[in-house]
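Structure first, then comments.
The values are calculated or read from the model by the stated rules, or taken from the named source; none is laboratory data. Small disclaimer: the values here were computed from a predicted structure and weren't measured. Positions of Cβ are backbone-derived with ideal geometry, glycine not excepted, and every protein chain shown enters the neighbour counts.
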Amino acid sequence: MPVTYQILPRHNLVYVRYSGAMMVEDSLKAFDTYARDPGARPGQRHLVDLSRITDMERDFARIMQLQATKGAELAMRETETLMVYFANTPLSLRAAALAKNGWSVSQGVIAVVFEREDAVMSALGLPCETIDDMLQTDLRKID
């Protein structure tokens, strides 16, 4: 599947990785799976990694439908959601801008876009410089 997610409870973070063609149907399925995941919690921050996309769906009506579906789910929670997009190519920056502009504060979502991984980690308050470092740190057990 070109979109996967991983809940990192120690960081109160959901890491979402897109690769290949970014399609609305895949996003809807992944978000639905996340919404039903026992590890999903209100207030979890979301890091959406768009650095590996090679194409994106251009049916803008469907893209707005996706945002509305996700927004309805997140708006039902009583806390704001920070949505951080990592986009480092012209295509991923277009996708991130489209996604970011699809959110509103009234939905309880604060969306930001960063082009550098170290800026992403800093915005999330994580002591890592890269996403891979974050994932490796999360795998280590802290005694």
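Only residues in segment 20-42 that are of a type in the set (Phe, Trp, Tyr) count as the first member; pair them with residues that are assigned to a helix (DSSP H, G or I), Cβ under 7 angstrom, at least 6 apart or cross-chain, and list the lot.
Note: pairs meeting the criteria are PHE31/LYS70.
Return the total of residues in segment 4-22 being surrounded by fewer than 19 Cβ atoms within 10 Å (Cβ to Cβ) and aliphatic (A, V, I, L, M).
The qualifying residues number 2.
Residues are listed down the side, and each one gets a yes or a no for (1) over 20 Å from ILE7 (Cβ atoms); (2) at pLDDT below 90; (3) not in a helix (DSSP H, G or I):
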{"residue": "ARG62", "(1), (2), (3)": "yes, yes, no"}
{"residue": "LYS70", "(1), (2), (3)": "no, yes, no"}
{"residue": "THR79", "(1), (2), (3)": "no, yes, yes"}
{"residue": "ARG94", "(1), (2), (3)": "yes, no, no"}
{"residue": "LEU98", "(1), (2), (3)": "yes, yes, no"}
{"residue": "TRP103", "(1), (2), (3)": "yes, yes, yes"}
{"residue": "VAL113", "(1), (2), (3)": "yes, no, yes"}
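Restricting attention to segment 41-55, does a residue exist that is surrounded by 15 or more Cβ atoms within 10 Å (Cβ to Cβ), modelled with pLDDT under 90, more than 23 Å from PRO127 (Cα to Cα) and out of contact with any Lys or Arg (no Cβ under 6 Å at 6 or more places or on another chain)?
Checked against the condition, which is being surrounded by 15 or more Cβ atoms within 10 Å (Cβ to Cβ), modelled with pLDDT under 90, more than 23 Å from PRO127 (Cα to Cα) and out of contact with any Lys or Arg (no Cβ under 6 Å at 6 or more places or on another chain), segment 41-55 yields no hits at all.
Could you please find all residues in segment 23-40 being surrounded by fewer than 12 Cβ atoms within 10 Å (Cβ to Cβ) and part of a helix (DSSP H, G or I)?
The answer is GLU25, ARG36.
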